[in-house]
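Trainee: Would you mind keeping the following structure in view while I ask a few things?
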Amino acid sequence: MTPPAAPERALITLLSLAAFGSAVSMRVADAQLPALAAGFGVSLAAAAQVITLFAVAYGLLQLVMGPLGDRYGKWRVIAWATLASAATALACALAPDFDSLLLARLAAGATCAALIPLAMAWIGDAVPYERRQGVLARFLLGQILGMATGQWLGGVAADYGSWRAPFALLAVCFLGAGWALWRARAAALAFAPLAPRSGRPLREMGYVLRQPWARVVLAVVFTEGLLLFGLIAFLATHLHLKHGLSLSWSGGIVTLYAFGGLVFALFARVFVRRLGEQGLAAAGGAAMTGGLLAVALSPTPWTAPLACFVAGLGFYMLHNTLQTNATQMAPQARGAAVSLFASVFFIGQTVGVALTALLVQRLGSTPVLALGSLGLLALALLFARLRSGHRHAEG
């Protein structure tokens, strides 16, 4: 008997709320660095450790959280981690000195690491594959809104001299979401019965990496993170240097990228029905390339808002297709598979920013943006072709 749709939507909403908190936590310190540097009497580079330490813990602990979810139940681990995230956010808000804040941010990255990958894995367990892409897109609404909210909330708090307030609000958000997730665990079990595995990270990761299609998906998502996020990191700088826009205007324009993702999430069912997986991947690559080329080559900055929006729409078309495949590339160890997917994507972003910085310094931002965007198109078309071949092999 198939569980009713209304409880499914309620459960997805709870997962999306946890993802919202995780995304806010990741981005909330970005605009607060000057305030933190002044408040604790440290340099701006030292203050940036609140972002770096969170990112390191977030990336590494995903490799552990996935197998734990496979062993003890994904929903249960998500609920535990959400409640733990309330504690780590509160520790950030109450930090008496800078070293305490760094430790709290390290712990926050570790607790948040479980939320988004395990939520995606749970959706993979609970939702049939033919409906999964649209459900994942709805789930992503929380993450997209959380990233935008985190940057905005951090900026407002910095302007008003209260950097602790966003962390306190985060603690309340996580506490409410964690309590609701814990209470809903019986309903979640009805959608995705627990089938525990060993929970040993190395064994689980080894199992995933032995699957040929998993290696393809992981290689593509690593390259996607490397190419795209290296370019996005320098879009605002490019607009500032080429067109003389202020950094605040440039940064505001680049945030329209997230609105492209929001539009995809709202209309994902239409996109999936019209284009299918291969079509979404190919069209997403074309949209990303068109948007980024417009930013790189346009003689006027006023095309950039629409171009960033189109590039964001294209990214979520491709990435959501990759996410859907990640939930099915090793179904017997889905938690480990999706966590490995998220970790590899995160590593790709880190490597991409470092490499792009070197290339921009040597060649300038225009040729790097142009060449990188063409690389994304080639990657998307290659994945669409490989996905078509894999589908025929499955059939």
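Just so you know, all these numbers are worked out from the coordinates, no wet-lab data involved. A quick note: this is a predicted structure, and the numbers were derived from the prediction, not measured. Reconstructed Cβ throughout: ideal geometry from the backbone, glycine too, with neighbour counts over all protein chains shown.
Trainee: Between Trp179 and Arg274, what length in nm is gained on full extension when 0.36 nm per residue of separation is reduced by their alpha carbon distance?
Mentor: 30.3 nm
Trainee: For the chain, take the alpha-carbon Rg, divide it by the Kirkwood Rh, and send me Rg/Rh.
Mentor: The Rg/Rh ratio comes out at 0.96.
Trainee: Using 7 Å Cα-to-Cβ label points, what is the Tyr72/Ala45 separation (nm, one decimal)?
Mentor: It is 4.0 nm.
Trainee: May I ask for log10 I(q)/I(0) of the stretch 150-244 at q = 0.10, 0.19, 0.25 Å⁻¹, from a Debye sum over the Cα atoms as equal point scatterers with solvent left out?
Mentor: -0.68, -1.01, -1.11
Trainee: Between the stretch 324-361 and the stretch 168-191, what's the alpha-carbon centroid distance in Å?
Mentor: Taking the Cα centre of each part, the stretch 324-361 and the stretch 168-191 sit 27 Å apart.
Trainee: Another question, if that's okay. For Ala113, what is the net charge nearby, where nearby means another residue's Cβ is under 14 Å from its Cβ and Lys, Arg count +1, Asp, Glu -1?
Mentor: Around Ala113, the charge tally is +2.
Trainee: Using the Karplus equation 6.51 cos²θ - 1.76 cosθ + 1.60 (θ = phi - 60°), what ³J(HN,Hα) coupling, rounded to whole Hz, does each residue of the stretch 127-132 give in order, writing x for Gly and Pro?
Mentor: 10, x, 4, 5, 9, 5
Trainee: I've got another one for you. Where does the chain land at 222 nm, in deg cm²/dmol rounded to the nearest 500, when only DSSP H runs of n ≥ 4 count, each adding -39500 (n - 2.57), divided by all residues?
Mentor: -28500 deg cm²/dmol
Trainee: If you take the Cα Rg of the stretch 214-263 and divide it by 2.2 N^0.38 Å, with N the number of residues, what do you get? Spell out each step's value before the answer.
Mentor: Values: Rg = 14.0 Å, N = 50, 2.2 N^0.38 = 9.7 Å.
Against the compact-globule rule of thumb, the ratio is 1.44.
Trainee: Right, another one. What are the ³J(HN,Hα) couplings of the stretch 136-141, residue after residue, when phi is run through the Karplus curve with 6.51, -1.76, 1.60 and θ = phi - 60°? Round to Hz, x for glycine and proline.
Mentor: 4, 5, 5, 4, 5, 3
Trainee: Can you give me the Kirkwood hydrodynamic radius for the stretch 240-395, using every pair of distinct Cα atoms, in Å to one decimal?
Mentor: Roughly 16.8 Å, rounded to one decimal.
Trainee: Give the Rg/Rh ratio for the stretch 261-348, taking Rg as the radius of gyration of the Cα atoms and Rh as the Kirkwood radius, to two decimals.
Mentor: 1.07
Trainee: So what are the stretch 1-136's ellipsoid semi-axes, whole angstrom, largest first, if each one is the square root of 5 times an eigenvalue of the alpha-carbon gyration tensor? Working shown, then result.
Mentor: Working: eigenvalues 224, 38, 29 Å².
Equivalent-ellipsoid dimensions as semi-axes: 33, 14, 12 Å.
Trainee: Also, I was wondering about something else. Ranked highest first by the average count of other Cβ atoms within 10 Å around their residues, in what order do 52-59, 205-212, 285-292 fall?
Mentor: 285-292, 52-59, 205-212
Trainee: Where does the charge balance sit around Phe341 when Lys and Arg score +1, Asp and Glu -1, over other residues with C-beta under 12 Å from its C-beta?
Mentor: Values: positive: Arg215, Arg334; negative: Glu224.
Result for the neighbourhood of Phe341: +1.
Trainee: Between Trp249, Trp75, Trp213, which gets the highest mean-square fluctuation from a Gaussian network model of the chain, Cα cutoff 10 Å?
Mentor: Comparing Trp249, Trp75, Trp213 in the GNM, the peak value goes to Trp249.
Trainee: Same structure again: Using alpha carbon coordinates only, what is the Rg to Rh ratio of the stretch 60-167, with Rh defined as the Kirkwood radius? Could you put the intermediate results ahead of the total?
Mentor: Details: Rg = 16.0 Å, Rh = 15.4 Å.
Rg/Rh for the stretch 60-167 comes to 1.04.
Trainee: Mind checking which of Ser43, Ser250, Ser365 has the largest fluctuation in a GNM of the chain, springs on alpha carbons under 10 Å?
Mentor: Result for the chain, Cα springs under 10 Å: Ser43 fluctuates most.
Trainee: Mind ordering 256-269, 7-20 by average Cβ neighbours within 10 Å, highest first?
Mentor: Ranked by mean Cβ neighbours within 10 Å, highest first: 7-20, 256-269.
Trainee: Step through the residues of the stretch 78-83 one at a time and calculate ³J(HN,Hα) from phi using the Karplus curve (6.51 cos²θ - 1.76 cosθ + 1.60, θ = phi - 60°), rounding each to whole Hz and writing x for Gly and Pro.
Mentor: 4, 5, 4, 5, 5, 5
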